[in-house]
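Right, one structure below, let's go through it.
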Amino acid sequence: MSDIAKNLADIKQEAGDCIIVAVSKTKPHEDILAAYESGHTVFGENKVQELTEKYEALPKDIEWHMLGHLQRNKVKYIAGFVALIHSVDSFKLLKEINKQGKKNNRSVPCLLQVHIADEESKFGLSYDEVAEILTSEETQALESIHIKGLMGLATNTDDSEKVRGEFKQLKAFFDSQKHHPELIENADMEILSMGMSGDYPIAIEEGSNMIRVGSKIFGARTYQN
Ligand SMILES: *Cc1c(COP(=O)(O)O)cnc(C)c1O
């Protein structure tokens, strides 16, 4: 077995029923194929250009997830095939995804990204903004999107209790929205995407059902300019 297949098998053991998105950003096709040939079909990328290039080159039964900040003018390149957009961080973006979904005759599955970390640079909606979007008639009118849940990135810190607290709060909010009497029809809280290489064991303990793991599967990334 390749190192990649072995890493993935180990994480699958730990993850139980939790879905693993193998985050392949910056990694070559051969690394993705090593995971794919071991039976894994769910991959995530954070840049539109890299995502479309890999989608075109690699097997068509791969489910491609978009994880990174998405600019509105690039939605059109992925709306026809993307399996899940994790990083919806504004209502304007949701409207554009709806428009492009309609053009492609499909309803695009999305997660709302919630800002749970204390770092200012990270993207995401506040809890109040998410609650507003999930109960508004304006969102309900968007027929070519389906909000499947929430995504959060914890603070990048060694303080595991801090990370645990952020995940715990997101899970409690997720549960409260799931049972909200005014939750709109094109939203249901099925997916809670939280946890990456450094913190997925904590995320799983706190109720995540989808983890996004890159370096623990494929090894450290090297970025080139
Ligand atoms: C890169 C990335 C990941 C995976 O990061 P690792 O630490 O390598 O597991 C997860 N989520 C998002 C949004 C990312 O951009």
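Side notes on the structure shown:
- Counting only residues that are touching a Leu at 6+ places or on another chain (Cβ under 9 Å) and surrounded by 17 or more Cβ atoms within 10 Å (Cβ to Cβ), region 71-80 holds 2 of them.
- Matching residues in region 110-139 - criterion: being more than 16 Å from the ligand (Cβ to nearest atom) and either within 22 Å of VAL21 (Cα to Cα) or polar (S, T, N, Q) (or both): SER126, THR135, SER136, THR139
- Within region 122-145, residues that are at pLDDT below 95 reach partners that are surrounded by fewer than 17 Cβ atoms within 10 Å (Cβ to Cβ) with beta carbons closer than 8 Å, at six or more positions or on different chains, in the pairs PHE123/HIS69.
- Hits in region 90-121 - residues which are surrounded by fewer than 17 Cβ atoms within 10 Å (Cβ to Cβ), at pLDDT 95 or above and of a type in the set (Gly, Ala, Ser): SER107
- None of ALA203, ALA220 is without any contact (Cβ under 8 Å) to a residue 60 or more places away in the chain, within 12 Å of the ligand (Cβ to nearest atom) and surrounded by fewer than 14 Cβ atoms within 10 Å (Cβ to Cβ) except ALA220.
- In region 140-151 there is at least one residue matching the filter, namely being surrounded by 19 or more Cβ atoms within 10 Å (Cβ to Cβ) and within 14 Å of the ligand (Cβ to nearest atom).
- SER193 vs. criteria modelled with pLDDT of 95 or more and away from the ligand (no atom under 15 Å from the Cβ): no
- Single unsatisfied condition, SER87 versus (1) under 23 Å from ALA187 (Cα atoms); (2) surrounded by fewer than 16 Cβ atoms within 10 Å (Cβ to Cβ): (2)
- Remark: pairs (first residue in region 13-40, on the phi > 0 side of the Ramachandran plot; second residue within 15 Å of the ligand (Cβ to nearest atom) and at pLDDT below 95; Cβ separation under 6 Å; 6+ apart in sequence or on different chains) = THR26/ARG221.
- Applying a threshold of 6 Å to beta carbon distances and a minimum spacing of six or more residues, or different chains, the list of pairs starting in region 58-81 at a residue that is of a type outside the set (Val, Ile, Thr) and ending at one that is modelled with pLDDT under 95 and within 14 Å of the ligand (Cβ to nearest atom) reads HIS69/PHE123.
- Restricting GLU45, GLU56 to residues that are loosely packed, with under 15 Cβ neighbours inside 10 Å and either within 16 Å of the ligand (Cβ to nearest atom) or more than 22 Å from GLY149 (Cβ to Cβ) (or both) narrows the list to GLU56.
- For region 146-156, the candidate set comprises residues that are more than 20 Å from ILE78 (Cβ to Cβ) and not aliphatic (A, V, I, L, M); within that set, the residue that is modelled with the highest pLDDT is GLY152.
- If you go through region 162-193 and keep only what is without any contact (Cβ under 8 Å) to a residue 60 or more places away in the chain and touching a Gly at 6+ places or on another chain (Cβ under 6 Å), you end up with LEU170, LYS171, MET189, GLU190, LEU192.
- Helices (runs of 4 or more DSSP H) enclosed by region 1-107 - at least 1 residues per element that are farther than 27 Å from GLU137 by Cα: 3-15, 29-37, 48-57, 75-78
- GLN71 more than 13 Å from the ligand (Cβ to nearest atom) and farther than 30 Å from GLU166 by Cα: no
- GLN169, sole failed condition from (1) in contact with a Leu (Cβ under 8 Å, 6 or more places away or on another chain); (2) more than 16 Å from the ligand (Cβ to nearest atom); (3) not aromatic (Phe, Trp, Tyr): (1)
The values are calculated or read from the model by the stated rules, or taken from the named source; none is laboratory data. Values in this document were obtained by computation on a predicted structure and should not be read as measured data. As a convention, Cβ positions derive from the backbone with ideal geometry for all residues, glycine included, and neighbour counts pool all protein chains shown.
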